[in-house]
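Written below as structure tokens is the structure these notes are about.
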Amino acid sequence: MGEIAPDLLLHIIIFLLFPFVGGYVAYKLKLPAIVGYIVGGIILGSFFSNGQSQQYLAQFSSIGIIFLLFTVGLEVNLERMARFSKFTIYGGFAQVIFSSIFIFILTFIFGFGFIPSILFGVCLALSSTAIVSKIIQEKGQESSLAGNISLGMLVFQDLCAIPLLILVSALGKGGGLVEFIKILFVSGAQASFILASIFFVGRQAVPYIFARTARISRETLNIFTILFIFVVVYIFSRLGLSGPIAAFIAGVLVGQTLQHYHIFSQIRPLRDLFTVLFFVYLGTTVNIGAILSQLPLIIIFVILLTGIKFLVVFLIFTRFKFHTRTAFSLGMLLAQVGEFAFILISQAGQNGLISESQYHFAVTSVLGTIMLAPLLIQNRNKLYVATKALIKKRVPDLDSYLSTHYDREIANIDVLELKDHVVLCGYGSVGKYIGRALSMAKIPFIAVDYNYYTVETARRSDVNIVYGDPTDIDILDYVQVDTASCLISAVPHKPAQEMIILNAVKLNPKIVIFSRVNNEDEQQRMKDLGAQVVIQPEFEASLAIIRKIFVSYNVSREDIAGKIKRLKIEHGME
């Protein structure tokens with residue numbers, strides 16, 4: 001076996017060292033790893049800018065794009081889109097269109113030409129599937145309303161990227177306005193053909209082939225998957241379409257198979273490695289001098305861009321009759337620009353559709369929104385409360401309008417005559433079962449929820465429920481917390497829990513409060529605020545499992561009760 005060339009080894013070491021250091025620093029600063037990789041690439045490009053280094057890295061990054069878009073396609077959940085189709089498709093379509101229009105206007109004002117402004121409008125309208133899904137999964141919010149809708153909209157955006165990739169590739173061929181319109185028509189036809197292949201071919205031929213291959217062996221399935229990806233990429237390239245489009249389509253097709261979870265777990269390490277090299281390569285193409293010369297403009301642009309994307313989503317979902325809290329949360333989740341924008345901008349730069357300075361400006365702006373994303377997403381509930389308080393103080397008329405038109409139903413609430421009842425805050429997966437149990441026991445209760453569609457569904461089942469934000473002291477006053485015997489807070493978010501408890505105690509210092517918490521650290525905090533009983537669903541689930549295990553091992557009831565009590569004491573629940 002021949003030796004690996006020392007020059008190649010040195011390049012591999014350098015290519016991996018810089019992103020490793022950049023990723024570590026990003027982790028310490030609690031920034032997305034992508035930021036660290038790109039910054040590492042920028043530094044790398046400042047020291048090693050020879051043609052051979054760039055050529056090696058460009059080849060590795062091309063493979064990275066293919067694996068990245070394959071796994072993005074693999075994770076496309078068509079069932080999730082269908083479940084919330086009204087919001088993910090109509091809302092997603094409206095978001096892409098209006099965001100593109102306003103971003104086009106913004107970039108045009110900033111002095112970009114007509115074609116670059118169109119490109120940036122559509123590219124920057126897309127959000128980051130990788131960042132949003134990662135944060136939602138870490139917080140365990142996949143089944144929440146905001147989680148389901150945002151992930152569904154991201155799937156829609158990923159599908160929108162197909163015609164955009166085709167369009168950017170086709171625009172590189174040049175031509176006037178007539179040619180541009182022709183390209184738009186052809187791109188639409190190509191995209192329609194591709195989407196049709198996803199729904200028809202993907203549901204029949206591909207699952208059958210992969211099922212047959214999986215029966216042979218795991219190794220054979222892995223090899224066939226890699227072969228399938230590159231065969232699809234080759235066929236599409238022969239048809240004049242780009243490799244990234246082909247990889248995404250291949251991922252969506254394989255995503256319809258029963259084997260896609262196994263395939264994802266096998267492909268992910270390769271994807272992660274080569275994707276890192278893509279972002280490093282992206283960083284090497286950025287000129288630090290060009291960034292510094294435009295830095296003030298870039299900062300202003302990032303703030304305006306984030307604001308536009310947030311406002312578009314917020315306004316769309318308030319029109320869908322969502323509570324302002326949910327609309328605000330969705331706006332924060334989708335306010336950043338995603339990884340597809342990097343690919344589209346890179347493709348536009350290679351095709352000569354944008355200048356070098358415009359390329360640096362766009363890449364740095366995308367990077368800026370990604371750096372802001374974790375801060376905005378993780379603190380969205382606190383930001384909502386702060387924004388609501390600020391509007392109430394500075395613009396009371398706007399606060400009154402939002403409250404009466406979107407956040408509550410005062411006319412319906414005013415007629416309530418309740419006493420010694422239970423106030424149930426939140427009617428989601430937990431609150432629904434609590435409400436059902438209270439009904440069975442004939443205990444009078446009234447529920448409060450800010451999901452308009454949850455309230456409508458519950459009312460059809462004759463549930464005593466009102467539409468409003470349970471953190472709002474006025475809403476708690478309307479449901480007569482002052483005469484209630486008990487309040488149950490089934491809302492999952494800590495800031496909301498705190499506001500509910502504080503406001504309930506203000507209205508009725510003697511009320512008994514049951515609070516739901518997500519971890520042990522929150523227990524004492526809720527008790528200090530005024531909650532008498534604190535429940536952690538995960539802990540209660542573990543106790544239920546423990547009881548069943550003990551019963552299966554014939555442990556006596558007295559021993560089970562004693563051990564369960566000891567666990568509760570250790571956990572701080574007794």
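Test of understanding: ordering Glu538, Glu522, Glu558 by Cβ neighbours within 10 Å, fewest first, what list do you get?
Numbers: Glu538 12, Glu522 17, Glu558 8.
Fewest-to-most Cβ neighbours within 10 Å comes out as Glu558, Glu538, Glu522.
Quick one: which residues, 5+ away or cross-chain, put their amide H under 5 Å from the amide H of Asn508? H built at 1.01 Å from N.
So Asn508 has HN proximity to no qualifying residue.
Any idea what the alpha-carbon Rg over 2.2 N^0.38 Å comes to for the stretch 415-535? Write down the numbers at each step before the final one.
Working: Rg = 13.1 Å, N = 121, 2.2 N^0.38 = 13.6 Å.
Rounded to two decimals, the normalised Rg is 0.96.
Got the relative contact order for the chain handy, in percent, Cα pairs under 8 Å and 6 or more residues apart?
Computed value for the chain: 15 percent relative contact order.
Can you give the Kirkwood hydrodynamic radius of the stretch 425-480 from its Cα pairs, in Å with one decimal?
Values: mean 1/r = 0.0884 Å⁻¹.
Kirkwood hydrodynamic radius for the stretch 425-480: 11.3 Å.
Fewest Cβ neighbours within 10 Å first, please rank Asp469, Asp482, Asp420 accordingly.
If I rank by nearby Cβ atoms, fewest first, I get Asp420, Asp482, Asp469.
Using packing as a proxy for protection, rank 247-253, 223-229, 292-298 so that the peptide with the highest average count of other Cβ atoms within 10 Å comes first.
247-253, 223-229, 292-298
Per residue of the stretch 513-520, what does 6.51 cos²θ - 1.76 cosθ + 1.60 with θ = phi - 60° give for ³J(HN,Hα)? Whole Hz please, x for Gly and Pro, Karplus curve as stated.
10, 9, 10, 9, 10, 9, 8, 5
Order of Leu68, Leu106, Leu17, Leu487 from fewest to most other C-beta atoms within 10 Å? Could you put the intermediate results ahead of the total?
Working: Leu68 26, Leu106 19, Leu17 12, Leu487 29.
With the sparsest Cβ surroundings first, the list reads Leu17, Leu106, Leu68, Leu487.
Give me the distance in nm between label points sitting 7 Å out from Cα along the Cα-to-Cβ direction at Ala189 and Gln532, one decimal.
Simple spin-label model gives 7.3 nm for this pair.
Could I get the Rg over Rh figure for the chain? Both from C-alpha atoms, Rh via Kirkwood, rounded to two places. Walk me through the numbers on the way to the answer.
Working: Rg = 27.0 Å, Rh = 26.5 Å.
Ratio of gyration radius to Kirkwood radius: 1.02.
Working from the pairwise distances between different alpha carbons, so that the mean of 1/r is found and then inverted, what is the stretch 214-361's Kirkwood radius in Å?
18.9 Å
With equal scatterers on the alpha carbons only and no solvent term, can you work out the Debye log10 of I(q)/I(0) for the stretch 313-444 at 0.15, 0.20 1/Å?
Debye output, listed in q order: -0.95, -1.18.
Read-outs: derived from the displayed coordinates by stated rules, not from any lab. Here the structure is a predicted model, which is why all the values come from computation and not from measurement. A quick note on method: Cβ atoms are made from the backbone with ideal geometry, for glycine too, and the neighbour counts reach across all protein chains shown.
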